[in-house]
1. Which entries of Lys177/Lys228; Lys13/Lys45; Lys9/Lys175; Lys66/Lys166; Lys109/Lys175; Lys45/Lys175 have Cα-Cα distances beyond 27 Å here?
2. Please list the non-local residues whose amide H lies under 5 Å from the amide H of Asn106, H modeled 1.01 Å from N, same-chain partners needing a gap of 5 or more.
3. Relative contact order of the stretch 2-246: what whole-number percent is it, with Cα pairs under 8 angstrom and at least 6 residues apart?
4. Name the long-range amide H neighbours of Lys122: under 5 Å, sequence gap of 5 or more, or other chain; modelled H, no Pro or chain starts.
5. Figure the gain on full extension for Ser91 and Gln5 (residue separation times 0.36 nm, minus the Cα-Cα span) and round it to one decimal in nm.
6. Take Glu219 and Met50, extend 7 Å from each Cα along the Cα→Cβ direction, and tell me the distance between the two endpoints in nm.
7. Select from Gly202, Phe188, Leu213 the residue farthest towards the positive end of the dipole of the stretch 2-246; place +1 on Cβ of Lys and Arg, -1 on Cβ of Asp and Glu, and compute about the Cα centre.
8. Where Rh denotes the Kirkwood radius from the mean inverse Cα pair distance, what is Rg over Rh for the stretch 45-181?
Amino acid sequence: MINIQHLHKAFGKNQVLKGIDLTFDKPGITAVLGPNGSGKTTLIKSILGMVIPNQGDITVMGENIKGKWIYRDQIDYLPQIARFPENLKVSELLRMVKDLRSRDANDKKLIEFFELEPFLDKRLGNLSGGTRQKVNIVQAFMYDSPMMILDEPTAGLDPVAMIRLKELINNERAKGKTILITTHIMSFVEEMADEIVFLLEGHIHFRGSLQSLKNQYQESNLERAIAKMLEGKTNSSSNGVSKENSKFQFEKSF
């Protein structure tokens with residue numbers, strides 16, 4: 001469904017993506033991982049047309065996306081930071097999204113699922129971070145598109161909301177959707193992901209199943225396997241990058 005060929009992107013002198021080749025054409029969940037500055041967000045925004053690459057091609061459903069926008073209606077997107085207009089009420093935001101997409105929406109069931117009824121007439125600027133994230137999840141899951149991109153979907157969620165989010169994602173996977181997730185929470189990756197794409201310094205450093213990564217580094221724990229991978233990369237590097245600067249920062253679920 002998504003094919004990326006020889007993708008390069010620089011911001012000034014900072015080369016963020018360095019010839020990325022990737023294809024996402026199978027149902028299931030791919031976790032796109034990497035340290036801060038590895039190119040995860042730039043890759044995601046390039047797929048969505050929010051960042052224009054310097055070189056390379058991206059096709060979605062067989063069509064080159066350059067200069068196009070209609071293809072985005074086939075992708076449901078949950079941004080990492082929900083920058084909604086703070087003066088809007090929750091109900092107004094969801095109505096605005098429905099007006100923009102003009103498709104059948106499943107927002108009512110999701111509102112009930114996340115118990116958001118008491119907040120529908122509240123302004124977004126007055127909501128807690130966790131409640132804003134639930135609204136963010138509703139707007140991302142209220143349509144039935146073949147592809148989903150979820151950028152740090154667990155941010156700010158309490159344990160009950162986390163369980164419900166996992167249930168939603170599993171339901172979408174069962175429908176045969178292609179789902180890309182970025183996260184720093186390795187326990188979430190271990191529980192949810194079918195495969196990993198690990199970016200490092202603008203390159204794909206690893207792609208494969210979680211078990212193959214663990215086997216390669218002889219670790220039973222994903223977090224330790226990734227730490228060993230990064231440690232080996234640092235030790236073998238000859239470009240002067242310090243171990244401290246290369247260190248991957250992990251976050252815990254709770």
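Nothing in this text is a laboratory measurement; each read-out follows from the coordinates by a stated rule. Remember, predicted model here, so these are calculated numbers, not experimental data. Every residue, glycine as well, gets a Cβ built from its backbone with ideal geometry; the counts of neighbours run over all protein chains shown.
1. Lys177/Lys228; Lys9/Lys175; Lys66/Lys166
2. Tyr143
3. 25 percent
4. Correct list: Val90, Ser91.
5. Between Ser91 and Gln5, full extension yields an extra 26.9 nm.
6. Result: 2.9 nm between the two label points.
7. Result: Gly202.
8. Radius of gyration relative to Kirkwood radius: 0.97.
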